[in-house]
Amino acid sequence: MSHRTTPSAATRRRPRTRLAVACLTVTSTAALLSGCGGESSEKTTNTAAGATTSASPSKSTDEMSGMDGMKDMAMGDPSATPADKIPDADVVKGAFELLDTRPPGMDDVKGSAWLAQGPKGTTVTVSLSGLKPGGTYMSHLHAQSCSAKNGGDHFQFEKGGATTPPNEVHLMFTADKSGMGMTTVNNDRKTGEDAKAIVVHPSEAQDNRIACADFEF
């Protein structure tokens, strides 16, 4: 005699659970890539929300390319040639200054950033100390100086385009046991003098900008 197994209630609900997990993953990814907030953050959130629905004709080609190219995003490599060592490049430097928006325990943070523009595009390096050991941090190029709203919005090669690399320059790094952190990222395009500053913040507290550095063009 055959025996038919009736699916349990938990089994019948499993697809809905998987959908909820998928939605949470998309939302978390958007929050991480949005960086320091502002206009760029809002646009990234809207892009993530659209990912849970069917494709819309109103989405621009640039926006779709930004999301589809996430697997190719460069977020930094500590072992890469630092910006101040790039041959045949024009290099500018900036010293990080603490911001009032920094979270508690960040009063001793200091460091420098370098931006090099050469035959292969743009290279950015950040090096900081006084960070929380083992903490993960993000840094972004910004379109305004530090005195203007702590750097304002993210610098974008194509204004109003994708809020992810390669249209923006993002760096992610982890502080070592002594609280030091550094990394380098490359981009095929040149920023010119439009990337005026760079901001660093904890990856889990993106509105709490720790420090900002103006580039000395």
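Since every read-out is calculated from the coordinates, none of them should be taken as a lab result. Please read these numbers as outputs of a predicted model, since none were measured by experiment. Methodologically, a virtual Cβ is constructed for each residue, glycine included, from the backbone with ideal geometry; neighbour enumeration extends over all protein chains shown.
Tabulated data
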read-out	value
Ranking of SER79, SER129 by count of other Cβ atoms within 10 Å, fewest first	SER79, SER129
Least to most buried among ARG189, ARG209, ARG102 (fewest other Cβ within 10 Å first)	ARG189, ARG102, ARG209
Proximal charge balance of ASN186 [Cβ under 12 Å; K/R count +1, D/E count -1]	+1
Radius of gyration, Dmax [region 81-155; alpha carbons; angstrom]	13.7, 41
Spin-label model distance (nm) - GLU193 vs ALA148, 7 Å beyond Cα toward Cβ	1.3
In nm, spacing of pseudo-spin labels at ASP77 and LYS132 (7 Å Cα→C-beta vector)	3.0
